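K.L.:
One structure coming up, written as structure tokens, with questions to follow.
The values are calculated or read from the model by the stated rules, or taken from the named source; none is laboratory data. A quick note: this is a predicted structure, and the numbers were derived from the prediction, not measured. A quick note on method: Cβ atoms are made from the backbone with ideal geometry, for glycine too, and the neighbour counts reach across all protein chains shown.
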2 protein chains.
Amino acid sequence: MEIQKPYLLFLGDVPDQLAAKTAHGIVDWRPEWCVGQLRLPGCKADCGLTDLDIAQAKAKGAKTLIVGVANAGGVLPEHWVGKLVEALDAGMDVATGLHRRLSSFPAIAEAARRNGRALHDVRIPDMEFATGKGTRRQGLRLLTVGTDCSVGKKYTALALEKEMRARGLQADFRATGQTGIFISGRGVAIDAVVSDFVAGAAEWLSPENAVDHWDLVEGQGSLFHPSFAGVTLGLLHGAQPDAFIVCHEPTRTKMRGVQHALPSIQAVIERTVLEGQLTNPGIQCTGLAINTEHLAEQEALGLMERLGRDHGLPCVDPIRTGVGPLVDELVRRFPVRG
Amino acid sequence: MEIQKPYLLFLGDVPDQLAAKTAHGIVDWRPEWCVGQLRLPGCKADCGLTDLDIAQAKAKGAKTLIVGVANAGGVLPEHWVGKLVEALDAGMDVATGLHRRLSSFPAIAEAARRNGRALHDVRIPDMEFATGKGTRRQGLRLLTVGTDCSVGKKYTALALEKEMRARGLQADFRATGQTGIFISGRGVAIDAVVSDFVAGAAEWLSPENAVDHWDLVEGQGSLFHPSFAGVTLGLLHGAQPDAFIVCHEPTRTKMRGVQHALPSIQAVIERTVLEGQLTNPGIQCTGLAINTEHLAEQEALGLMERLGRDHGLPCVDPIRTGVGPLVDELVRRFPVRG
């Protein structure tokens, strides 16, 4: 599955900005792929793009309408269906990250068929994966892991890709969630893969590559999250990373959706090394990425300085400080062998 | 999903006994549920049951035809379809553990509709699970874990159920694979669950229960298997066992399907405690179950004696010695509080 660019971002009539999280992520990382946004009356989200209707978007070259919003329950409201049909009739593909297949809406399925257009359900894998093999493959891999869900794993991997490419390094972000897939145009929603094939899907996602090529794999969940640790472990085994970055949100007190306390950064480092060694004996933690958005500047800088010293690792906030020190460390630990 | 008993076991025309592994498992554990077997010309498998045709099976009260064989590739050959239709027309349900849905065969779907019969695809979950919550629930739980796949986890859990019930204890086998589901009439094929919901499915499978009730949960894979460890971890977190038994096959040198060496029993004990503590801080290993079928009697008894002494745990072969000592240990460690 490769999603055709550029995109028209459909925001529907969602009640707040948070519901357009996916669209915001796309605009943050791939503004050059977005010709504009399409909003229905009453929409309270705004990505700061030009408002376009279907005809205007088509005239600007839009190839795919992306449903960049999540409704309550992940459903597609009936009154959005008409706009999606209109886009298909204008010759665009349509892509969503909702749980229900686009083709399960008769009007959408019929319009796609009529116009020969593709429907992308990025949360539903469109291929069958093999089980993981656990054998080493050439190329370098980095996985972002976390003390919890939603602590900046995707953002950190994308920031690393940007910084490494700017330095002339070969690096590819590997998406494992819906927003990441829209941002990179491909990937696997790993939490939607049947459990037997999670490690195999991660192997497929980061295949053999040049000896100095980095795959920057978007992590999911946490080894310490009682709901999702199995997904995290399968992804770790399949990605077989040489390096990992621990992502952390310091003001969070409980893990997302459950009553469990967050593990320490040190616990995540130790457990990730312990488990990751099964498929890559050389696995090592190479840095920390702290989401300090809820801290004042001085507090944030002080915390990062202390965490970096305590763990003997470069420590950044990808947004506040950039990820330069993380890339410095990768270059130092994994020198290109001429 | 509750599969109606008794069963007619359909063996098709498979080329050897191994292909009828599922049927053999059912006969081993639930002979009283099987009215007979149905074999096509050329079948090389034999479960030792009376050979019946559809009419004879119906006359003996068969409620469900179980496809108790796996063909190469897990597919359903076209020439089996006619017999399944005949069973549906005779008023039986049909159940399989194949990957493709029975209803995807038009003749089978139509016959089921025509006769108002159920089609059970036990490898395809028929319900949506919630994500795991990780909160403790009342009742006692035991999980069988392993140094590898296919080392006796299902057999051990079933043997424990039989022995515990014989002693008047409250105990239920909880199936997590297709053969186990046919044997218990219900369960979840955990490796076929979407990865995000594995822990939640395990929570659903072993719900809150009486304080002295044991759920004996069939384990899957191994925490050290590079293909399936994520499934194993999700099942461990969801089952939140109080006790676990390590199952091992001492003549195996490599893990099934991959090049990795088997972990030691001690490594499995330590890792299972380490990971299991996330959802049950009291988790403990209470015994070892060794599959000694490839060893001579004296060698087998010597090995079990040595392993038991080395680990300070009761050590049995469920087939050769029975699981009495494992149940003794459970009763000793988890006394019923009056």
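K.L.:
Just to be sure I understand, how many residues within segment B:268-320 are touching a His at 6+ places or on another chain (Cβ under 6 Å) and not in a loop (DSSP other than H, G, I, E, B)?
P.N.:
1
K.L.:
Just to check your reading of the model, which residue among A:69, A:14 is at pLDDT below 95 and farther than 14 Å from residue A:179 by Cβ?
P.N.:
A:14
K.L.:
Take residue A:188 and tell me if it is within 14 Å of chain B (Cβ to nearest Cβ) and without any contact (Cβ under 8 Å) to a residue 12 or more places away in the chain.
P.N.:
When the stated conditions are applied, residue A:188 does not pass them.
K.L.:
Taking residue A:96 as the residue in question, decide whether it is closer than 24 Å to residue A:192 by Cβ, in contact (Cβ under 8 Å) with a residue 60 or more places away in the chain and crowded, with 22+ Cβ neighbours inside 10 Å.
P.N.:
Criteria not met by residue A:96.
K.L.:
Within segment B:260-271, is there a residue that is surrounded by 24 or more Cβ atoms within 10 Å (Cβ to Cβ), in contact (Cβ under 8 Å) with a residue 60 or more places away in the chain and within 13 Å of chain A (Cβ to nearest Cβ)?
P.N.:
Yes, segment B:260-271 contains a residue that is surrounded by 24 or more Cβ atoms within 10 Å (Cβ to Cβ), in contact (Cβ under 8 Å) with a residue 60 or more places away in the chain and within 13 Å of chain A (Cβ to nearest Cβ).
K.L.:
Could you tell me which residue of segment A:125-150 is nearest to the other protein chains (Cβ to nearest Cβ), considering only residues that are under 19 Å from residue A:189 (Cβ atoms) and aliphatic (A, V, I, L, M)?
P.N.:
Ranking the candidates gives A:130 first.
K.L.:
Another one. What's the total number of residues in segment B:34-63 that are within 18 Å of residue B:181 (Cβ to Cβ) and in contact with a helix residue (DSSP H, G or I) (Cβ under 7 Å, 6 or more places away or on another chain)?
P.N.:
Residues in segment B:34-63 being within 18 Å of residue B:181 (Cβ to Cβ) and in contact with a helix residue (DSSP H, G or I) (Cβ under 7 Å, 6 or more places away or on another chain): 2 in total.
K.L.:
Please count how many residues of segment B:1-30 are in contact with a Ser or Thr (Cβ under 8 Å, 6 or more places away or on another chain) and part of a strand (DSSP E or B).
P.N.:
Matching residues across segment B:1-30 total 2.
K.L.:
Same structure again: For residues that are of a type in the set (Val, Ile, Thr), buried (at least 22 other Cβ atoms within 10 Å of the Cβ) and farther than 19 Å from residue A:117 by Cα, tally how many sit in segment A:36-76.
P.N.:
1
K.L.:
Within segment A:220-237, which residues are under 13 Å from residue A:197 (Cβ atoms) and either β-branched (Val, Ile, Thr) or more than 8 Å from chain B (Cβ to nearest Cβ) (or both)?
P.N.:
Result: A:231, single match.
K.L.:
May I pose another question? From the list A:207, A:250, A:226, which residue is outside any helix (DSSP H, G or I) and closer than 15 Å to residue B:231 by Cα?
P.N.:
A:226 is the lone residue from the list that is outside any helix (DSSP H, G or I) and closer than 15 Å to residue B:231 by Cα.
K.L.:
Looking at segment A:246-279, which of its residues are of a type in the set (S, T, N, Q), more than 19 Å from residue B:275 (Cβ to Cβ) and touching a helix residue (DSSP H, G or I) at 6+ places or on another chain (Cβ under 9 Å)?
P.N.:
Across segment A:246-279, there are no qualifying residues.
Listed here are the residues, each with its yes/no results for (1) closer than 29 Å to residue B:199 by Cα; (2) modelled with pLDDT of 95 or more; (3) in contact with a Leu (Cβ under 6 Å, 6 or more places away or on another chain); (4) not β-branched (Val, Ile, Thr).
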| site | (1), (2), (3), (4) |
| --- | --- |
| B:63 | no, yes, no, yes |
| B:76 | no, no, yes, yes |
| B:92 | no, yes, yes, yes |
| B:109 | no, yes, no, yes |
| B:128 | yes, no, no, yes |
| B:139 | yes, yes, no, yes |
| B:157 | yes, yes, yes, yes |
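K.L.:
Could I ask something else about it? Considering each of A:146, A:185, A:177 in turn, give the residue that is assigned by TED's automatic domain parsing to the domain that holds residue A:324, crowded, with 24+ Cβ neighbours inside 10 Å and closer than 17 Å to residue A:2 by Cα.
P.N.:
A:177
K.L.:
When you check residue A:282 against the structure, is it more than 21 Å from the chain's Cα centre (by Cα) and either within 14 Å of another protein chain (Cβ to nearest Cβ) or without any contact (Cβ under 8 Å) to a residue 24 or more places away in the chain (or both), yes or no?
P.N.:
It is false that residue A:282 is more than 21 Å from the chain's Cα centre (by Cα) and either within 14 Å of another protein chain (Cβ to nearest Cβ) or without any contact (Cβ under 8 Å) to a residue 24 or more places away in the chain (or both).
K.L.:
Residue B:199 is checked against (1) touching a Pro at 6+ places or on another chain (Cβ under 9 Å); (2) surrounded by fewer than 24 Cβ atoms within 10 Å (Cβ to Cβ); (3) not polar (S, T, N, Q) and fails just one. What number does that condition carry?
P.N.:
Failed condition: (2).
K.L.:
Residue B:237 versus (1) in contact with a Phe, Trp or Tyr (Cβ under 8 Å, 6 or more places away or on another chain); (2) touching a residue at least 60 places away in the same chain (Cβ under 8 Å): which is the lone unmet condition?
P.N.:
Condition (1) is where residue B:237 drops out.
K.L.:
Select, from A:322, A:312, A:308, A:302, the only residue that is farther than 13 Å from residue A:243 by Cβ, within 19 Å of the chain's Cα centre (by Cα) and assigned by TED's automatic domain parsing to the domain that holds residue A:160.
P.N.:
It is A:322.
K.L.:
Any chance segment A:150-165 includes a residue that's touching a Cys at 6+ places or on another chain (Cβ under 9 Å) and in a loop (DSSP other than H, G, I, E, B)?
P.N.:
yes
K.L.:
Can you confirm whether residue B:169 is away from every other protein chain (no Cβ under 14 Å), in a strand (DSSP E or B) and either in contact with a Ser or Thr (Cβ under 8 Å, 6 or more places away or on another chain) or not acidic (Asp, Glu) (or both)?
P.N.:
no
K.L.:
Answer yes or no as to whether residue A:275 is among the charged types (D, E, K, R) and more than 10 Å from chain B (Cβ to nearest Cβ).
P.N.:
When the stated conditions are applied, residue A:275 does not pass them.
K.L.:
Restricting to segment B:168-208, name every residue that is among the aliphatic types (A, V, I, L, M), out of contact with any Asp or Glu (no Cβ under 6 Å at 6 or more places or on another chain) and more than 28 Å from residue A:238 (Cβ to Cβ).
P.N.:
B:169, B:183
K.L.:
Taking only segment B:247-259 into account, find how many residues are more than 14 Å from every other protein chain (Cβ to nearest Cβ) and surrounded by fewer than 13 Cβ atoms within 10 Å (Cβ to Cβ).
P.N.:
Residues that pass the stated criteria total 2.
K.L.:
If you go through segment B:11-22 one residue at a time, do you hit one that is acidic (Asp, Glu) and touching a residue at least 24 places away in the same chain (Cβ under 8 Å)?
P.N.:
Yes, the conditions are met somewhere in segment B:11-22.
K.L.:
Listed residues A:231, A:273, A:211; which is under 22 Å from the mean Cα position of the chain (by Cα), at pLDDT 95 or above and assigned by TED's automatic domain parsing to the domain that holds residue A:306?
P.N.:
A:231
K.L.:
Quick one: residue B:95 ticks every box in (1) within 14 Å of chain A (Cβ to nearest Cβ); (2) within 23 Å of residue B:15 (Cβ to Cβ) except a single one, so which number is it?
P.N.:
Condition (1) is where residue B:95 drops out.
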